[in-house]
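Trainee: Take this structure first; my questions come after.
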Amino acid sequence: MNDIAVTQLSGIQVDMTRQTTLFRQGGHAVYWLGITDETAFRCNTYLICDGDQAVITDPGSRAFFQQVWERVEQIIPPEQVCGLVISHQDPDIAASMVDWLERVPGCDIITSPRTNVLLPHYGTADYSFFDISENGSYQFASGNTLDFIESPFLHFPGAFTTYDSVSKFLFSSDIWAALDIDWQLVASDFDEHTMKMNLFHMDNMAFNLAARGFLRRLEGVDIDAILPQHGSIIDPGHVEEAKNYLNELRCGTDIVYADLED
């Protein structure tokens with residue numbers, strides 16, 4: 001198969017019956033798995049393959065588990081999934097972990113300690129917990145890594161993002177998420193996309209200090225694209241604009257308690 005570079009993101013065509021390849025270089029690839037939910041709250045689940053191993057980021061709700069499973073089957077035997085990255089405990093991100101653990105019981109649950117406390121409430125506590133706070137990276141057999149950047153209060157205290165060191169994709173979970181009925185996989189007009197991000201961030205994110213603190217943690221990280229869990233992917237041409245958006249964001253308590261500001 002031919003390599004697919006990050007610069008080709010904006011031209012990618014989506015077939016809603018299949019996975020979509022976002023990046024491929026040698027034995028490393030990233031795929032968008034869906035889902036087909038036709039709502040503004042559409043969820044994005046991604047598969048990162050490295051050699052004979054694979055990790056799923058934010059596997060999604062139980063309602064769409066079978067669809068995600070079948071899309072993984074289009075690429076690899078799902079039994080090769082060695083880990084599920086769960087950036088926080090919300091059901092649209094985490095609930096299908098119980099289905100994955102039933103079929104692939106040996107896969108790691110890759111998450112933060114705060115999130116791990118809550119995940120057993122989905123019905124199982126018998127799993128291998130990979131602590132992202134104690135281990136800052138998840139290493140594949142090839143030596144390639146997924147690196148974890150914590151993002152407290154965006155929107156959960158134990159939230160985090162995942163950086164793929166090969167593709168230079170930042171899997172940002174709810175950060176830079178957008179609500180959009182007229183959805184496209186990759187945002188084309190960033191000014192228009194900003195309004196769609198506002199619909200999510202103003203209500204769901206805690207406060208601007210959390211956003212700016214997270215941006216400080218991103219200093220020195222070479223990001224080629226941002227892949228959120230809701231809305232559209234942000235391509236290389238708009239990464240800096242996305243950072244500026246977060247830096248200026250007023251949200252949560254900045255709005256609710258605006259009258260208490262000095």
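Trainee: Return only the number of the condition from (1) touching a Phe, Trp or Tyr at 6+ places or on another chain (Cβ under 7 Å); (2) polar (S, T, N, Q); (3) assigned to a helix (DSSP H, G or I); (4) over 19 Å from Arg42 (Cβ atoms) that Asn247 does not satisfy.
Mentor: Against the list (1) touching a Phe, Trp or Tyr at 6+ places or on another chain (Cβ under 7 Å); (2) polar (S, T, N, Q); (3) assigned to a helix (DSSP H, G or I); (4) over 19 Å from Arg42 (Cβ atoms), Asn247 comes up short only on (1).
Trainee: Answer yes or no: is there a residue in region 201-208 that is open to solvent by 30 Å² or more (accessible area, probe 1.4 Å), over 17 Å from the mean Cα position of the chain (by Cα) and not aliphatic (A, V, I, L, M). Write out each step before concluding.
Mentor: Looking only at region 201-208, we keep the residues that are open to solvent by 30 Å² or more (accessible area, probe 1.4 Å), and these are 202-204, 207.
Okay, now just the ones that are also over 17 Å from the mean Cα position of the chain (by Cα), so 202-203, 207.
After this cut, where a residue has to be not aliphatic (A, V, I, L, M) as well, the list is 203, 207.
There is at least one residue in region 201-208 that is open to solvent by 30 Å² or more (accessible area, probe 1.4 Å), over 17 Å from the mean Cα position of the chain (by Cα) and not aliphatic (A, V, I, L, M).
Trainee: Go through region 198-237 and give me each residue that's basic (Lys, Arg) and in contact with a Ser or Thr (Cβ under 9 Å, 6 or more places away or on another chain).
Mentor: Arg217
Trainee: What number of residues within region 217-240 satisfy the criterion of being assigned to a helix (DSSP H, G or I), without any contact (Cβ under 8 Å) to a residue 24 or more places away in the chain and open to solvent by 40 Å² or more (accessible area, probe 1.4 Å)?
Mentor: 1
Trainee: If you don't mind, there's one more thing I want to ask. Which of the following residues is open to solvent by 10 Å² or more (accessible area, probe 1.4 Å), under 16 Å from the mean Cα position of the chain (by Cα) and among the basic types (Lys, Arg): Lys243, Lys196, Lys168? Lay out the reasoning, then the answer.
Mentor: Working: Lys243 fails: under 16 Å from the mean Cα position of the chain (by Cα); Lys196 fails: under 16 Å from the mean Cα position of the chain (by Cα).
On inspection, the qualifying residue turns out to be Lys168.
Trainee: Here's something else I'd like to know. Name the single residue that is farthest from Ile226 (Cα to Cα) among those in region 178-200 being charged (D, E, K, R) and outside any helix (DSSP H, G or I).
Mentor: So in region 178-200, the residues charged (D, E, K, R) come out as 180, 182, 189, 191-192, 196.
From the residues that got through so far, the ones that are outside any helix (DSSP H, G or I) too are 180, 182, 189.
Working: Asp180: 17, Asp182: 19, Asp189: 15 Å.
Looking at residues that are charged (D, E, K, R) and outside any helix (DSSP H, G or I), I get Asp182.
Trainee: Separate question: It is to be established whether one or more residues within region 203-217 are over 27 Å from Asp15 (Cα atoms), of a type in the set (Gly, Ala, Ser) and in contact with a Phe, Trp or Tyr (Cβ under 7 Å, 6 or more places away or on another chain). Show your work before the answer.
Mentor: Kept after step one, since they are over 27 Å from Asp15 (Cα atoms), are these residues of region 203-217: 203-217.
Checking which are of a type in the set (Gly, Ala, Ser) leaves us with 206, 210-211, 213.
From what is left, the residues that are in contact with a Phe, Trp or Tyr (Cβ under 7 Å, 6 or more places away or on another chain) are 206, 210.
There is at least one residue in region 203-217 that is over 27 Å from Asp15 (Cα atoms), of a type in the set (Gly, Ala, Ser) and in contact with a Phe, Trp or Tyr (Cβ under 7 Å, 6 or more places away or on another chain).
Trainee: Is at least one residue of region 237-249 on the phi > 0 side of the Ramachandran plot and of a type in the set (Gly, Ala, Ser)?
Mentor: no
Trainee: Then there's this: Restricting the first residue to region 11-37 and requiring it to be open to solvent by 50 Å² or more (accessible area, probe 1.4 Å), which pairs with a second residue that is assigned to a strand (DSSP E or B) and at pLDDT 90 or above meet a Cβ separation below 6 Å and a spacing of at least six or different chains?
Mentor: Going by the 6 Å Cβ cut-off, the qualifying pairs are Val14/Thr20.
Trainee: Applying the selection to region 127-161, what residues are open to solvent by less than 10 Å² (accessible area, probe 1.4 Å) and more than 17 Å from Ser232 (Cα to Cα)? Please lay out each step first, then the result.
Mentor: Of region 127-161, the ones open to solvent by less than 10 Å² (accessible area, probe 1.4 Å) are 132, 140, 146, 151, 154, 158-161.
Those that are open to solvent by less than 10 Å² (accessible area, probe 1.4 Å) and more than 17 Å from Ser232 (Cα to Cα): Ile132, Phe140, Leu146, Ser151, Leu154, Gly158, Ala159, Phe160.
Trainee: Then there is this: Please work out which one of (1) under 22 Å from Ile132 (Cα atoms); (2) assigned to a loop (DSSP other than H, G, I, E, B); (3) touching a strand residue (DSSP E or B) at 6+ places or on another chain (Cβ under 8 Å); (4) hydrophobic (A, V, I, L, M, F, W, C) is the condition Phe214 fails and give its number.
Mentor: Unmet for Phe214, out of (1) under 22 Å from Ile132 (Cα atoms); (2) assigned to a loop (DSSP other than H, G, I, E, B); (3) touching a strand residue (DSSP E or B) at 6+ places or on another chain (Cβ under 8 Å); (4) hydrophobic (A, V, I, L, M, F, W, C): (2).
Trainee: Just to be sure before I move on: is Ser173 small (Gly, Ala, Ser), within 21 Å of Ile110 (Cβ to Cβ) and touching a helix residue (DSSP H, G or I) at 6+ places or on another chain (Cβ under 6 Å) in the structure I sent? Walk me through it before giving the result.
Mentor: Numbers: small (Gly, Ala, Ser): yes; within 21 Å of Ile110 (Cβ to Cβ): yes; touching a helix residue (DSSP H, G or I) at 6+ places or on another chain (Cβ under 6 Å): no.
Considered against the rule, which asks whether it is small (Gly, Ala, Ser), within 21 Å of Ile110 (Cβ to Cβ) and touching a helix residue (DSSP H, G or I) at 6+ places or on another chain (Cβ under 6 Å), Ser173 comes out as no.
The values are calculated or read from the model by the stated rules, or taken from the named source; none is laboratory data. For clarity, every value in this text was computed on a predicted model and none was experimentally measured. Don't worry about glycine lacking a Cβ; one is built from the backbone with ideal geometry, like all the others, and counts go over all protein chains shown. For accessibility, only protein heavy atoms count, side chains too; no ligands or nucleic acids. Shrake-Rupley method; radii C 1.70, N 1.55, O 1.52, S 1.80 Å.
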